[in-house]
Amino acid sequence: MCNLYSMTGSQAAIGAATRVMIDRTGNLPSFPEIWPDYAAPIVRNGAEGRELVLVRWGMPSPAFALKGHKVDRGVTNIRNTASPHWRRWLGVEHRCLVPFTAFAENGLKADGSIQPVWFAGDQTRPLRFFAGLWARWTSVRKLKEGEVTADLFGFLTTEANGIVGPYHPKAMPVILDRPEDLETWLTAPWDEALSLQRPLPDDRLVFLNEADKSLQIVANKH
């Protein structure tokens, strides 16, 4: 499960790649580390056109996951889009693109400690996008905050490809790196958009921790 990513691409590049009409983010900073429940940029279809906005990471949790809990910390990664919980948000009005330049999975070092292992489109960390969903929801995210109504997002996962698989064999984020796929995700009927929930080909993703050979060797054993 990806619970850490970075977005260090430019505001202008996001807008150009996704044909944003309205930018509601102001002076968008660089995001070297984005964690669950942080506010991060997404591109979505708004009432006045395609817009760039800041939204909290973590979609509403299913009811069964909230039993015995006073807060809903949210779901960052979404896999089973056939679930009734997610089906309500599969239309184009709830789809979004989540810009990123690298994402992390947990790797195990030789001493038993956990260290993030990072992946990107190439070594220059070019701008790419996760296929995401967003929703406006009322819940208690933090006890000290109380009940709030907030815009929330998460992104889809799929089977791991050959680059991510040695470190996280169960899943990887759905990554969109072609202009036609960005448009399909934001505009196409669900049956067509669903075809994008697939692993990115191995030759379009790189592992960024090559210098840490101990991490690579040990992680490959798990």
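The values are calculated or read from the model by the stated rules, or taken from the named source; none is laboratory data. No experiment lies behind these values; they were computed from the predicted model shown. Backbone-built Cβ (ideal geometry, glycine too); neighbour counts: all protein chains shown.
For every residue, the table says whether it meets (1) at pLDDT 95 or above; (2) over 28 Å from Asp191 (Cα atoms); (3) surrounded by 12 or more Cβ atoms within 10 Å (Cβ to Cβ).
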site	(1), (2), (3)
Ala12	yes, yes, no
Pro36	yes, yes, yes
Leu66	no, yes, yes
Gly91	yes, no, yes
Query raised in the report: Looking at the stretch 95-107, is at least one residue in a strand (DSSP E or B), over 19 Å from Arg136 (Cα atoms) and either among the basic types (Lys, Arg) or more than 15 Å from the chain's Cα centre (by Cα) (or both)?
Result: yes
Query raised in the report: For residues in the stretch 11-28 being of a type outside the set (A, V, I, L, M) and either touching a helix residue (DSSP H, G or I) at 6+ places or on another chain (Cβ under 9 Å) or in contact (Cβ under 8 Å) with a residue 40 or more places away in the chain (or both), which is nearest to Arg125 (Cα to Cα)?
Result: Gln11
Query - Candidates Trp190, Trp185 - the one that is of a type in the set (Phe, Trp, Tyr), farther than 30 Å from His69 by Cα, modelled with pLDDT of 95 or more and exposed (fewer than 14 other Cβ atoms within 10 Å of the Cβ) - result: Trp190
Query raised in the report: Quick check, is Val75 farther than 18 Å from Ser139 by Cα and β-branched (Val, Ile, Thr)?
Result: no
Query raised in the report: Within the stretch 76-87, how many residues turn out to be touching a residue at least 40 places away in the same chain (Cβ under 8 Å) and not in a strand (DSSP E or B)?
Result: 4
Requested in this report: Could you check Ser139 against (1) touching an Asp or Glu at 6+ places or on another chain (Cβ under 6 Å); (2) closer than 20 Å to Cys2 by Cα; (3) among the small types (Gly, Ala, Ser) and say which number it fails?
Outcome: (2)
Requested in this report: Can you confirm whether the stretch 116-137 contains a residue that is hydroxyl-bearing (Ser, Thr, Tyr), surrounded by fewer than 18 Cβ atoms within 10 Å (Cβ to Cβ) and at pLDDT below 95?
Outcome: no
Query - Extreme residue, farthest from the chain's Cα centre (by Cα), among residues of the stretch 152-182 that are in a helix (DSSP H, G or I) and surrounded by 17 or more Cβ atoms within 10 Å (Cβ to Cβ) - result: Asp181
Query - Neighbours by Cβ (under 6 Å, 6+ apart or cross-chain): first from the stretch 61-75, within 19 Å of Glu145 (Cβ to Cβ); second of a type in the set (Ser, Thr, Tyr) and not in a loop (DSSP other than H, G, I, E, B) - result: Asp72/Ser139
Query raised in the report: Can we say Leu143 is among the hydrophobic types (A, V, I, L, M, F, W, C) and more than 18 Å from Val92 (Cα to Cα)?
Result: yes
Report task. Kindly indicate whether Ala110 is modelled with pLDDT of 95 or more and over 27 Å from Glu147 (Cα atoms). Result -> no
Query - Qualifying residue in the stretch 46-56 (condition: more than 20 Å from Pro173 (Cα to Cα) and touching a Gly at 6+ places or on another chain (Cβ under 8 Å)) - result: yes
Report task. Scan the stretch 111-121 and give yes if some residue there is assigned to a strand (DSSP E or B) and free of Cβ contacts under 8 Å to residues at least 40 places away in the same chain, otherwise no. Result -> yes
